[in-house]
Structures are given as C-alpha cells and as structure tokens.
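Structure record follows, encoded as structure tokens.
The values are calculated or read from the model by the stated rules, or taken from the named source; none is laboratory data. Please read all numbers here as calculations on a predicted model, not as lab measurements. As a convention, Cβ positions derive from the backbone with ideal geometry for all residues, glycine included, and neighbour counts pool all protein chains shown.
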Amino acid sequence: MQWLDYDVVDVFTDRPYAGNPLAVVHGTDGLATAQMQALALEFNLSETTFPTVRAGGSAYDVRIFTTAEELPFAGHPTLGTAWLLRRQDRLERDDVVQHCGAGEVPVRVEADMAELSAQPRYVHLREDADALAAAVGLSSSDVEGPAYEASSGLGWVFLRVRADGVERARVPGSGWSVQPAGADLVGGVCVWSGAPGDPVPVHARVFCPDVGVTEDPATGSAAAALGSVLVADGSAARDGETAYRIAQGTEIGRPSILHGRVEADGGHAVRVRVAGGVTHVATGTIAVPPA
C-alpha cells in the first residue's frame, strides 16, 4: 500500500479547534481527479487541498476539493495552504503566488497568519431577496436591503438581514437552488448583518449545501466577494480603502474571525484583501485511494 503525507491546519483563528479546518495532502502529482475527490471525502472537511510547489519556491499550483466537487478558488484553503507550505520551508518567500482554477492569487504569509489579495470579478443586484429569505427560514421583514451576487473567483449570493436574523437563519432545504446571475460557480448563500464602523463589523453565516458543505465555519472567498457588496450598498467608502471584520462560525461551535480590506474607485471595488490566523493541528499519513 502507498501512503501520502498530510497536515491539518485551522484557519481564521489564533487557536486550535476553532476556525475552519483544512487538510493539505502532499506528493499528489500523479493522482487522478477521482482519487483526490476520494481523499477529500475521507477527510470530510469543508475543503482539502493538493498543492505542488513550482521551481524557484515562490509559487505553487493547487487543486481544491469539497467533499462533493472541485472548486476553482476558496479562501481558507488558499491561506491555510500557503501558510503551511511556507512554515515547512517548501516555499522560499513570504510573498507567493497561488495558481488555481480561478487564476493567480497573491498571498502574503506572516508568522501566525496569511493574507490573500483578490480581484473583484463582478457584483450584480438580484431581485429575489424575499425568496432567499424564505429559503433560509426568514421572512421579508428580516431583509434589510437588496440581495447581491458577487465574485472574486467563486460566486456567492448575499442576503443582508437584521442582526437577530443571522442567528435565526437555517440551512436551505433540499429543494433549494439559486439561478446564477454571474459567470462563476456559485458556492452558496451568505446571510449577513452589518453596521457603520471602522472596521465595518459584520456577522455572517454561509450555507453551501450545493457543493457539499452544509454550513461553513469561515469562508474566505465569500469574505472577499463581500467587499464588493459593501461598496455597492454604501457600507464601504466609494473611494479609498475600507476595513471590515467578519465574525462567523459561532453558531456551529467553530468561532472564526476574518479581516477584510476593500479598495474602491468611483463606487466600484477594485481590490480586496482577506486575512486570518492559521494554526497547525495535525500531521500524518493516509493511504492512496485506488485509481
């Protein structure tokens, strides 16, 4: 039997057993897609990554899988993978580039955290806020503005609700589906509340049953896309940089903090950064699945 080395890190936290866990499997160059999917299902985490460091040690390729499918981009796998590879000296610089299905993602690694930089791809106004509210167990009276769909590599639907509505939201039922407004794969729906501040305080829950994750403890790709939404709905400045801080995961026992910064020009988001703490919690070996 052949074996592969792996590590598990917790992302968007400063302590073990909080945040969003990520499995990183090494030495998988020759594996087929089905074998990677089998490994992701075995770990049964929100995502599992399969990185390959490029020559020179300043960039790496990565494939990202949920338990159900491959994703072009995801935030906590990006931060966790880059941080781990740098801590293990597989990468030779603190500023690196991740190559994934959505393209190139710059990442900066520090001692106990990492930050990604993403290009906003689109933000679209949606007309189905009431229907989205019903899908997550809320009513139209809970809705505090129009719904949006936005992407910085992976699409998300955003529903802004009253503060107490976030806690009362529920996972969409088996009949739930969303018609994408943009070109990117839609990961799911982000139910959030926020208020003016510096940084803007956000409480969010993210449901993504269509990609095999019932509720995500911390969602970096949604945090990146939320930057565009904050600019679009007036919560962030039309010009210059606005910081925001997302609390997520408390309702499912995995408290997480995501730090965002969105740069806007003329009312349009032009760059977004998402950062969070990372901590190493496990290392081991796992058998190679049959081809």
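Let's see how each residue does on (1) under 27 Å from Thr48 (Cα atoms); (2) surrounded by fewer than 21 Cβ atoms within 10 Å (Cβ to Cβ); (3) at pLDDT 95 or above:
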site: Trp176; (1), (2), (3): yes, yes, no
site: Pro201; (1), (2), (3): no, yes, yes
site: Gly212; (1), (2), (3): yes, yes, no
site: Pro255; (1), (2), (3): yes, yes, yes
site: Ala269; (1), (2), (3): no, no, yes
site: Arg273; (1), (2), (3): yes, yes, yes
When the residues of the range 55-76 are narrowed to those that are surrounded by 14 or more Cβ atoms within 10 Å (Cβ to Cβ) and out of contact with any strand residue (DSSP E or B) (no Cβ under 6 Å at 6 or more places or on another chain), which ends up nearest to Ala287 (Cα to Cα)?
Thr67
Among the candidates Ala34, Ala18, which residue alone is of a type in the set (Gly, Ala, Ser) and surrounded by fewer than 19 Cβ atoms within 10 Å (Cβ to Cβ)?
Ala34
Among the residues of the range 182-196, is any farther than 27 Å from Ala243 by Cβ, assigned by TED's automatic domain parsing to the domain that holds Trp156 and not acidic (Asp, Glu)?
yes
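Do you know which residues across the range 131-157 are of a type in the set (Ser, Thr, Tyr) and closer than 19 Å to Ala225 by Cα?
The answer is Tyr148, Ser151, Ser152.
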Quick one: Cys208 ticks every box in (1) of a type outside the set (Phe, Trp, Tyr); (2) closer than 27 Å to Glu42 by Cα; (3) surrounded by fewer than 18 Cβ atoms within 10 Å (Cβ to Cβ) bar one, so which box is it?
(3)
The one condition in (1) of a type in the set (A, V, I, L, M, F, W, C); (2) touching an Asp or Glu at 6+ places or on another chain (Cβ under 7 Å); (3) part of a helix (DSSP H, G or I); (4) assigned by TED's automatic domain parsing to the domain that holds Val25 that Val97 fails to fulfil:
(3)
Qualifying positions in the range 1-15 - of a type in the set (A, V, I, L, M, F, W, C) and buried (at least 18 other Cβ atoms within 10 Å of the Cβ):
Leu4, Val8, Val9, Val11, Phe12
Among the numbered criteria (1) within 17 Å of the chain's Cα centre (by Cα); (2) at negative phi; (3) not in a strand (DSSP E or B), which one does Ala133 miss?
(1)
Please identify the pairs in which a residue from the range 32-44 that is at positive phi has its Cβ atom under 9 Å from the Cβ atom of a residue that is surrounded by 14 or more Cβ atoms within 10 Å (Cβ to Cβ) and outside any helix (DSSP H, G or I), counting only partners at least 6 apart or on another chain.
Asn44/Thr67
Show the residue pairs meeting these rules: Cβ distance below 6 Å; 6+ apart or different chains; first residue within the range 204-224 and within 16 Å of Pro72 (Cβ to Cβ); second residue part of a loop (DSSP other than H, G, I, E, B) and among the β-branched types (Val, Ile, Thr).
Val211/Thr66; Gly212/Thr66; Gly212/Thr67; Val213/Thr66
So is Gly175 free of Cβ contacts under 8 Å to residues at least 24 places away in the same chain and over 23 Å from Val274 (Cα atoms) or not?
yes
